[in-house]
Each structure stands twice: as C-alpha cells, then as structure tokens.
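Chemist: Below is a structure I'd like to ask you about.
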Amino acid sequence: MASKILKKPDSFFESFSRRSGPDKVSTHYCPGCGHGVLHKLIAEAADDLGIQDRCVFINPVGCSVFAYFYLDFGNIQVAHGRAPAVATAVKRVHPHAIVISYQGDGDLAAIGGNNILQAANRGENITVFFVNNAIYGMTGGQLAPTSLIGQRTATTPRGRSAENDGYPMRVCELLATLEGPTYIERTSLRTPKLTQKTRKAIRKALQYQMENRGFSLVEILSPCPTGWKVDPVKSLDWMEQQLEAYFQLGVFKDVGDERPAKADPERDLWSANYGTAIDLPTDLDAKLPEASPAPKYRNPSLKIAGFGGQGVLLLGYTLAEAGMLSGYHVTWIPSYGPEMRGGTANCQVGISEERIGSPIVSNPSVLIATNLPSMDRFEPEIREGGLLLYDRSLIDRKPNRTDIESIAIPATSVADELGNSRAANMVMLGAYIGKTGLLSRESVMEALDLVIKRKNLIDLNIKAIDKGIEYGRGAR
Amino acid sequence: MAKETGVLKEACVVIDAEECKACYLCVHHCPQQVIEVSEGINRKGFHPARYKGTGCTGCGICFYACPEPSAITVYRKGAVKQ
C-alpha cells in the first residue's frame, strides 16, 4: 500500500445529490451494509487503474439502484435483471469502455437468471460484480434464490424449506461449468483479510476486461444486517457459520492465461484525442447531398403509420436506408402488434446531419399516415409547423390541424393504376422526398435495391416512387 | 480526533462523526482497539464511532470496513495532513 492517505476515492462524486436535505455525503445504505464497502473498493480500483473516464456502470434494480448518485462513472439504470444484456450492448458499441454490471442476488439470480447465463456463455468482455446477501433487501427481506435452507425471510417466516422453495443457488459453480467465462471467483466482506481478497478480485476482474480477456464475475458475500435482522457486528457471525459454509469461497474458474490480452481497437483513437476522437469521421459532411432541403425539412423525425401489411415499416426502412446511403445519421424503430396483417403498425425514423441521441419519436416533425386510425391517433402529436402526408384514397377526412402543412396523396388509387395497390407505400415515399428534397431519387433507388427482396417488384416500386415524386413536387 | 497538521509523525484515523451510522464494524475490526463508541449523539441520531486519539498504526482496516465513502480517513505515518 503506497498511499499515505486512505480517503474517499476520486471516482465518487464529491457530493451526493440523492437526498434533498443538507446531508450530501452519506449514502442511502443501512448501517453495516456491504454495498458501501464494495462501492468504495470499486471506486478505488477505478482510480488506481486510471479508468474512471472509461467506466460505464450498469445500475441494477435493488438496493444499489441509486449507485449512480455515488459513483462518478458513466451510469445507466436498467430494468430488473437486464444488466448483463445492457452491459453487452454498451461494450459492443464502445469496446474501449470498461463496462461494470453490478447486481444483487435477486436481480442476477432470479429475474435476470437467463440474462447472466447467456452473457457468461457468450464470454462477453464485461465485468460482473454479483452482490450476494441471500435476501431481497430493498423490497423488505423476501426469499431470494440464494437464501439458505432454514433462513427466515418475509416470505418464508418459518424458514426456507427445500421442499417448498428449492435449494439456494450457487451461481459461481453454475457459471463455471460454461466455456464462455474467463474468471469467476467468490469472495466475502466478512473480515478485513477477506475484504482485501475482494479488493484484489475486483482489480483482477477489471484488469481482465481492460486486456480484453473476456467475461469476469466476482460474487461477493455481503452483509445485510437489516434484512437478516441482526446488528452489523453480529451479522458477521452468521456469514461465517451459515453463508460461507454453503457458499464456498474461492476461484471457480480462471483461464486468463489461455485467453491472452488483446489489443484494444479503439485505444489509440481515445488516447490520441480524448473527447473528440469518438465523434464522427470528418469526411461525413462531404457526403451529404449538395442541394440541401429547406431548413424546416432538415433533420426530420418521422412517424409513419398505417395497417400492418400496408408497408409502412418498409417505407420507413427504405427512407432510413436511403438516408444512410446519403451520409446522414439514421434511426428506425418498428412498432407493431402481433398480427402480420390487419393490425396497426408504425415506425419511427430519424434522419439527421448530427448524431441522434434517442431514436424515439414522440412528437414527429413529419407524419405519414396511410389509414384513418393512424391519422386520428398521431395528427395531434405533430410538431407545430410540421408536415403531414396522408393517403387520400383511404382517409376520407381533412386534417384538423391548421398549424401544420398537410398534403393529401391519392396513393392507393395511384398504385392501383400501376397494377398493385400495395405499392401505395412507395407513392407516399416518393411524395415525401418530392415535397421536401431531403433525399435524392438516386439514393432511394439504391436503397430499394437493398431492401426489396423480390427483385421482380423493383420496377413497380420505382414507378410508384416516381409517381409520388410528381405529386410531392406538385405540392411544393 | 487528531489535531496534528503538516507531516505526521504518527498515523491517525479521522472519523467524521456526522457521517457515522453506528455499524461499529470499525470498532469491531480495529486490531489495535483504538476506536470506540462515543457518548454523544450525531445529527443522524447515532452514537458515532470515535478514535481514541492514540495508538493508530495506519493499517487501514477501518477504512475498508466502513460502508460510508468518506466517514473514515486514515493518515499514515509521514502523510501530509491539512
């Protein structure tokens, strides 16, 4: 230990804004809770490994749900048990980030049981800290998958019985049978010596991730005096006599040597110019079409809605694809019911000159409505000054809004004349680009080639788009 | 609480009485038994742990036992204290 002063690690926030009162330095954890100690060990490790700015901490559901008030990392709070799935996504998108999934026993072993199995089995290059206190703490001390036989909990007042509740689950042993994981260890916070072992295990797990060696999980047996209904010092006896007797401490798997350190593909990018290097390649702007559309049509958020089977998802997908080919940032999210035909469907599309923060479009700047229920539902959500395109052949009312621009296109009739009413979606697409000039005809044609699987339909779609463009231009 | 400033000749532990939640894990684990329960009550309503004022070796065990991030600070011998 080189440090002359042991104090609050820098990876903690200076003040905690969790509570509104004057106390801005205390956590919300109960006296004697293991979470606080673990947070300290993790924060200290991040300081010493120099990774604070790279850490993304996945906050679970459970007592540690508020870790983001304390740990000054990138933080995401996720749905119950889903931390490994979100950690996977973050790690794959940002391979240089150090992604920490921090989960309790209820979160990891109960509702998220399959999530952790799959992430471990894939050998995701993430670090999981599994805090096992053998009880549901936050919700009031109910039985957890790891509660011991005979343990009294709020839901097993006479003690856990194997007959009724099954046996406590040994997660490390279970995961160690998989090929995927690199490092799995169970430690404890019961004594100073064991705490130091935990401290080392935490560093090793993080180090492995930094070296791209794969999946690590450290299970930490952690006291919950409140849930166990004992005072903090007495809780240590129970840990020794009961918890550690059933959950053996030790390394269950460590194949770090067989999975040698790999270079980090993004490392140079980050270290060269931290903060800007992860931004867009600078040649992106050059790829944008020269003739830019009128300002009000730039960077649209679109909602495209209709019946399932009308091709609204394909319409949006084609727009997004064409946008991407043109050098824009794009997003596309479909939303539909269980029906393949006849249900309602819509998709949300973003096409932007800048990075898109969220793909959710709650107030579209453009609505393309291909049936009446969609127009009824989404017309009120259009932004003031926005654009509404609707299929006049199927929607027999005029828009109610007067603060938006609206264009009626006889899309289904036009498509019918071309020989197939199902090409109405492409008429609408054509009308949109004809009206706004956001995307070139060429980019859409290129996109069509990518998104239309049945090549014999491409001709029809091209005709439909061209017809739409005429209508769109006519409405300028 | 230690009152030294500058370069410390002896190790010492500083416990922020207002942050203490009285789990007493530091009292329990301290190998030198130089942390005790104080008689006073802090604003949280607890009798906070308190350094006896002498005998600390700077081992840091209390620091790693304490669940609160900044309730305990340990200054080792030779540390510069402000």
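The values are calculated or read from the model by the stated rules, or taken from the named source; none is laboratory data. For clarity, every value in this text was computed on a predicted model and none was experimentally measured. Every residue, glycine as well, gets a Cβ built from its backbone with ideal geometry; the counts of neighbours run over all protein chains shown. Surface areas here come from the heavy atoms of the whole protein model, side chains and all, with no ligands, DNA or RNA. Shrake-Rupley method; radii C 1.70, N 1.55, O 1.52, S 1.80 Å.
Chemist: Using each residue's phi in segment B:49-56, evaluate 6.51 cos²θ - 1.76 cosθ + 1.60 at θ = phi - 60° and report the 3J(HN,Hα) Karplus result to the nearest Hz, with x for Gly and Pro.
Modeler: 6, 8, 6, 5, x, 7, x, 5
Chemist: For B:A71, enumerate residues with amide H under 5 Å from its amide H, sequence gap 5+ or separate chain, H modeled in the peptide plane.
Modeler: none
Chemist: Sticking with this one: Label point 7 Å out from A:L178 along Cα-to-Cβ: which residues of segment A:52-86 have amide N under 12 Å?
Modeler: A:84-85
Chemist: Now for a different question. Kirkwood hydrodynamic radius for segment B:6-77: how many Å is it when counted over pairs of different Cα atoms? Please report the intermediate quantities before stating the final value.
Modeler: Numbers: mean 1/r = 0.0829 Å⁻¹.
Evaluated over segment B:6-77, this radius sits at 12.1 Å.
Chemist: Mind checking the angle between helix A:424-436 and chain A's longest principal axis? C-alpha axes, 0 to 90 degrees, to the nearest 10.
Modeler: The angle comes out near 90 degrees.
Chemist: Sticking with this structure for a sec: Could you do me a favour and compute the accessible area per residue for segment A:172-248, 1.4 Å probe, result in Å²? Write down the numbers at each step before the final one.
Modeler: On the way: 2890 Å² over 77 residues.
Ligands and nucleic acids excluded, the figure is 38 Å² per residue.
Chemist: Can you give the accessible area of A:R355, probe radius 1.4 Å, in Å² rounded to 10?
Modeler: Approximately 140 Å² for this residue.
Chemist: Next question. Once both axes come from the Cα atoms, what is the angle between helix A:192-210 and the longest principal axis of chain A, in degrees from 0 to 90, rounded to 10?
Modeler: 30
Chemist: From the protein chains alone at 1.4 Å, what is the descending order of accessible area for A:D449, B:D16, largest first?
Modeler: Values: A:D449 90, B:D16 60 Å².
From most accessible down to least: A:D449, B:D16.
Chemist: A further question follows. Could you give me the radius of gyration and the Dmax of segment A:34-258, taking only the C-alpha atoms into account and expressing both in angstrom?
Modeler: For segment A:34-258, the Cα radius of gyration and maximum Cα-Cα distance read 16.2, 49 Å.
Chemist: Hey, another quick one. Largest first, what is the accessible-area ranking of A:I404, A:I220 with a 1.4 Å probe?
Modeler: Of A:I404, A:I220, the descending order of accessible area is A:I404, A:I220.
Chemist: With the crude spin-label approximation of a point 7 Å out along Cα→Cβ, what separation in nm comes out for A:D53 versus A:A263?
Modeler: If labels sit at A:D53 and A:A263, their model points lie 2.2 nm apart.
Chemist: Can you give me the long-range amide H partners of A:Q77? Hydrogens built in the peptide plane at 1.01 Å from N, cutoff under 5 Å, separation of 5 or more residues or another chain.
Modeler: Those lying under 5 Å, H to H, from A:Q77 are A:N59.
Chemist: Per the Kirkwood formula on distinct C-alpha pairs, the Rh of chain A is how many angstrom? Walk me through the numbers before you get to the answer.
Modeler: Values: mean 1/r = 0.0388 Å⁻¹.
Mean inverse Cα-Cα distance, inverted, gives 25.8 Å.
Chemist: Then there is this: Could you pull the Cα extents of segment A:285-474 along its three principal axes, largest to smallest, in whole Å?
Modeler: On the principal axes, segment A:285-474 reaches 41, 39, 36 Å in Cα extent.
Chemist: Further, regarding this structure: What Kirkwood radius, in Å to one decimal, follows from the Cα pairs of segment A:121-255? The partial results should precede the final answer.
Modeler: Numbers: mean 1/r = 0.0647 Å⁻¹.
Final number for the Kirkwood radius of segment A:121-255 is 15.5 Å.
Chemist: Can you send over the solvent-accessible area of A:W332, 1.4 Å probe, protein chains only, in Å² to the nearest 10?
Modeler: 80
Chemist: Next up: What's the percent breakdown of Cα-Cα distances in segment A:72-115 across 10 Å bins, shortest bin first?
Modeler: Per 10 Å bin, starting at zero, the Cα-Cα P(r) for segment A:72-115 comes out as 30, 51, 18, 0 percent.
Chemist: Now for a separate question. Using a simple spin-label model with points 7 Å from Cα along the Cα→Cβ vector, what separation in nm is obtained for B:N42 and A:S362?
Modeler: Once both label points are built, they end up 4.0 nm from each other.
Chemist: While we're looking at this one, here's another question. With a cut-off of 11 Å, note down the residues of segment A:85-107 whose backbone N falls inside the zone around a label point 7 Å from the Cα of A:R122 toward its beta carbon.
Modeler: A:85-93
Chemist: Would you kindly state how much longer the chain becomes between A:N114 and A:S335 on full extension, computed as 0.36 nm times their sequence separation minus their alpha carbon distance, in nm to one decimal?
Modeler: 77.0 nm
Chemist: Over the whole of A:4-13, what's the average partner chain Cβ count within 10 Å per residue? Rounded to a whole number, please. It would help to have the intermediate numbers written out before the result.
Modeler: Values: counts 12, 12, 14, 8, 7, 2, 0, 1, 2, 1.
For this peptide, the per-residue mean of nearby foreign Cβ atoms is 6.
Chemist: Using θ = phi - 60° and the Karplus curve 6.51 cos²θ - 1.76 cosθ + 1.60, what whole-Hz ³J(HN,Hα) does each residue of segment B:11-26 get, with Gly and Pro shown as x?
Modeler: Running phi through 6.51 cos²θ - 1.76 cosθ + 1.60 with θ = phi - 60° gives 5, 7, 10, 10, 10, 7, 4, 6, 8, 5, 9, 6, 7, 6, 5, 5 Hz.
Chemist: Cα axis of helix A:83-93 to longest principal axis of chain A: angle in degrees, 0 to 90, nearest 10?
Modeler: Approximately 60 degrees, to the nearest ten.
Chemist: Convert each backbone phi in segment A:152-159 into a coupling constant with the Karplus relation 6.51 cos²θ - 1.76 cosθ + 1.60 (shift: θ = phi - 60°), then list the ³J(HN,Hα) values in order as whole Hz, x for Gly and Pro.
Modeler: 7, 10, 4, 9, 10, x, 9, x
Chemist: Another question, if that's okay. So between A:S413 and A:D466, what do we pick up on full extension, going 0.36 nm a residue minus the alpha carbon distance?
Modeler: Values: separation 53, 0.36 × 53 = 19.08 nm, distance 1.46 nm.
In short, 17.6 nm is gained.
Chemist: With a 1.4 Å probe, how much accessible area is buried between chains A and B, both sides summed, in Å² to the nearest hundred?
Modeler: Values: alone 22570 and 5300 Å², together 25360 Å².
Counting both chains, the buried surface is close to 2500 Å².
Chemist: While we're on this one: Using +1 on the beta carbon of Lys and Arg, -1 on that of Asp and Glu, and nothing else charged, what's the dipole of chain A about the Cα centre, debye to 20?
Modeler: Values: 53 positive and 52 negative charges, 163 e Å.
Rounded to the nearest 20 debye, it is 780 debye.
Chemist: So, in nm, how far is label A:S352 from label A:R92 when the simple model puts each one 7 Å beyond its Cα toward the Cβ?
Modeler: Placing both labels 7 Å beyond Cα along the Cβ direction yields 2.2 nm.
Chemist: Sticking with this structure for a sec: What FRET efficiency comes out for A:R476 versus A:M324 if R0 is 25 angstrom and r is the Cβ-Cβ distance? Round to the nearest 0.05.
Modeler: E between A:R476 and A:M324, to the nearest 0.05, is 0.50.
Chemist: Apply 1/(1 + (r/R0)^6) to the Cβ-Cβ distance of A:R454 and A:H80, taking R0 = 51 Å, and write down the FRET efficiency to the nearest 0.05. Numbers along the way, then the final one.
Modeler: Numbers: r = 42 Å, r/R0 = 0.83.
Plugging the Cβ-Cβ distance into 1/(1 + (r/R0)^6) gives 0.75.
Chemist: Not counting ligands, DNA or RNA, and with a 1.4 Å probe, what is A:V233's accessible surface area in Å² rounded to the nearest 10?
Modeler: Only protein atoms counted, so the area is about 40 Å².
Chemist: If you roll a 1.4 angstrom probe over the protein chains with everything in place, what fraction of the accessible area of the protein assembly as shown belongs to carbon and sulfur, to the nearest %? Write down the numbers at each step before the final one.
Modeler: Values: 13060 of 25360 Å².
The value for the protein assembly as shown is 51 percent carbon and sulfur by accessible area.
Chemist: Accessible area, 1.4 Å probe, largest first: how do A:M375, A:M210 sort? Before the final figure, lay out each step's value.
Modeler: Numbers: A:M375 0, A:M210 45 Å².
Result, largest first: A:M210, A:M375.
Chemist: Are there any GluC sites (Glu not before Pro) in segment A:179-240 that are in a DSSP loop and have at most 12 other Cβ atoms within 10 Å? List them by number. Mind dumping the intermediate values first?
Modeler: Numbers: sites: A:E179, A:E185, A:E211, A:E219, A:E240; in loops: A:E179, A:E211.
Here the GluC sites (Glu not before Pro) that fit, given the DSSP loop and packing criteria, are A:E179.
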